[in-house]
Structure formats: C-alpha cells, structure tokens
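Engineer: I am attaching a structure below and will ask some questions about it afterwards.
What follows draws every value from the coordinates through simple rules; no lab data is involved. Everything quoted here is computed from the prediction, not taken from an experiment. Counting neighbours? That spans all protein chains shown, and the Cβs are built from the backbone with ideal geometry, glycine included.
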Amino acid sequence: MRLALCIKRDIFGMLAARAFLGALGADLPEMRVFCSVKTRPAEDDHPLPRLMKALEREVPIGTLLPATAAERAALHPALRPETWEPLPDLSRDGGARMLLDWQPDLVVSMRFSLIFPRRVIEAVPMGIVNVHPGALPGYRGLFAPFWQVLNGEPRLVSTLHVVDPGIDTGEVIAAHEVARHEGRSLMWHMGELYRGGARLAAAATRRAGQGIRPVGTPQPQGGAYWRIPSAAEADAFLRGPMPVVTAGDYAGLLQEAMAVPPGLRAAAA
C-alpha cells in the first residue's frame, strides 16, 4: 500500500508524525510525506496567535531544526521535516498534481493547512482521513483546542474523520479524549490531542493495509465552525483559564518532537 502523509511543518506536525510511526510499528507502508506551508495574515494581528506561531514554527523550524540535523540523520524520512515535500496549494496543476502523481492508496492528514478538493478526494482509492484537534461537529474549523479550553470543556477531544468536500464534516471514525488539566498549558493539551489522534490514524492505516477502507459514522446535524480568535477573545484567554505554554511543557514537546540536545532544549525553554 502507498501512503501519503500530509502534515504541517511545525512542532505538532513533528510530534504527530513520531506518534503515527511509533503506532504503526515495524511494518511501515511505502510512504511519502507532504507538508503545507500556508500562513494566515491574521496570525500577526494579536500577541496570542503571534506567540503560537513563534512557538510552533519559528523556534523549532527556524532555529532548532537546522541545528539538530545531525541528530536526525539516521531517522526515517517521516521524522525528518527537512525532507518533507512542500505543497504550496492543492491546485490542479500545482500541489494536487504533486500529491496524485505519487498515486497514494490512502492519504492521512494531520495538522494539514489545506482543504482537499473533491477531485483529489475522489482520486484516492482508500480515501483521505484527517486528525482534527476538536470534537465534531461542535468544534469544526480553526484553533479547536483553544476554543475547547476557553469554553470550559472538562474534556478535550481530537477526532479522526473521513475527509469529504466539506470542512471537518466527514464521517467520524474514532475520537480521543484528554481530561482537562488545570496545572498544564494549552500547548501541552494540544500535544496530547495530536498524539492520541495520530495513533487512531495509525490504526486506520493498518486496516487499510488489509484492504479495509476507512469508514465512520455520519456526524449529527448542527455543529459549529470556529475561526482564529478576535483580539477580545485572545485577551480573555490570556487572562484566564490556563497558560498558553510553560517552560517545562515546551521543553517536553521539543524533546518528543525533535532530536534536540539538552542544552538547546533548555535554552529554547
């Protein structure tokens, strides 16, 4: 079976890839990794999304990734983000052609920033499955962990679902729950959500390798779509309910996601 892993080139993408490969074990399919490079101007509109962008991408990718290439030299390519193939878009003659020229039997999307068009979905024999870091249908869209925390949910959820032409509207295959820990940060909870979701994706991948197409349960009517928070909503989060990150949580994420030497890890934290 040919697998295309579509992911984002940031700390949670690296963490998800590590959890995914670890759950697959030794029997890995033939695989190529494609990454989205899309950025959103709204990420610079407020200190909170700017902070998240710095912690998720600028520090690990811009600073630590080049400094730790030697530590990852012997790893599987899926654990070496410098080898991931960038998809600038999913246009017919651009990223979609790059992806479909690989002729994958299954596409696994985790923290991928691009919306799969119908023609791509229909061209993949086993379909596309996606790890979404929110409960569906109530937390479709962007910043799902942020909104789950801000809304006071006692348990946060990531969902593995079949990708259809809508946005986070496909059949639900499985869900992973994380109990809310007031002593931990938003980024710690995000790590837990992606780690658990990646393991669900690995289980679906193993079944696909046995010829079992991923299917799920249709989502109920209703639901809600969330976007990047406004300045007032971001301010409300910064005043409460938990820190965006702590030094200890961030050091742990770096240690898990990347081969970062202790000295660099401590300096980053």
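Engineer: Spin-label point model (7 Å from Cα, Cβ direction): what's the residue 82 to residue 118 distance in nm?
Structural biologist: Using points 7 Å along Cα→Cβ, the separation is 4.3 nm.
Engineer: Let me spell out the model: positive unit charges on the Cβ of Lys and Arg, negative unit charges on the Cβ of Asp and Glu, origin at the Cα centre of the range 2-259. What dipole size does that give, in debye rounded to 20? Let's see the in-between values first.
Structural biologist: Values: 28 positive and 27 negative charges, 62 e Å.
In debye, rounded to 20, the range 2-259 gives about 300.
Engineer: Compute the length gained on full extension between residue 255 and residue 69: take 0.36 nm times their separation in residues and subtract their Cα-Cα distance, giving the result in nm to one decimal.
Structural biologist: Details: separation 186, 0.36 × 186 = 66.96 nm, distance 1.43 nm.
Going from the current span to full extension adds 65.5 nm.
Engineer: Can you tell me how the chain classifies by the Cα gyration tensor, rounded, prolate or oblate, using a/c under 1.5 as the rounded cut? Please list the in-between numbers first.
Structural biologist: Details: a/c = 1.56, a/b = 1.17, b/c = 1.33.
It is oblate, given that a/c is not under 1.5 and a/b is not larger than b/c.
Engineer: Hey, what do the phi angles of the range 138-147 turn into as Karplus ³J(HN,Hα) couplings, whole Hz, using 6.51/-1.76/1.60 and θ = phi - 60°, x for Gly and Pro?
Structural biologist: Residue by residue, the range 138-147 yields x, 10, 6, x, 9, 6, 4, x, 3, 5 Hz.
Engineer: For the chain, what does the helix formula give at 222 nm: sum of -39500 (n - 2.57) over DSSP H segments with n ≥ 4, over the residue count, nearest 500 deg cm²/dmol?
Structural biologist: Details: 9 runs with 92 residues, N = 269.
Mean residue ellipticity at 222 nm (helix-derived): -10000 deg cm²/dmol.
Engineer: How would you rank 67-73, 25-31, 147-153, highest first, on the average number of other Cβ atoms within 10 Å across their residues?
Structural biologist: 147-153, 67-73, 25-31
Engineer: Given the C-alpha centroids of the range 8-28 and the range 210-224, what is the distance between them in whole angstrom?
Structural biologist: 23
Engineer: Within the range 148-177, name every residue whose backbone N is under 16 Å away from a label modeled 7 Å from Cα of residue 38 along the Cβ vector.
Structural biologist: In the range 148-177, the label zone of residue 38 (backbone N under 16 Å from the point 7 Å along Cα→Cβ) covers 163-170.
Engineer: With labels modelled as points extended 7 Å from the Cα through the Cβ direction, what inter-label distance (nm, one decimal) is found for residue 23 paired with residue 203?
Structural biologist: 0.8
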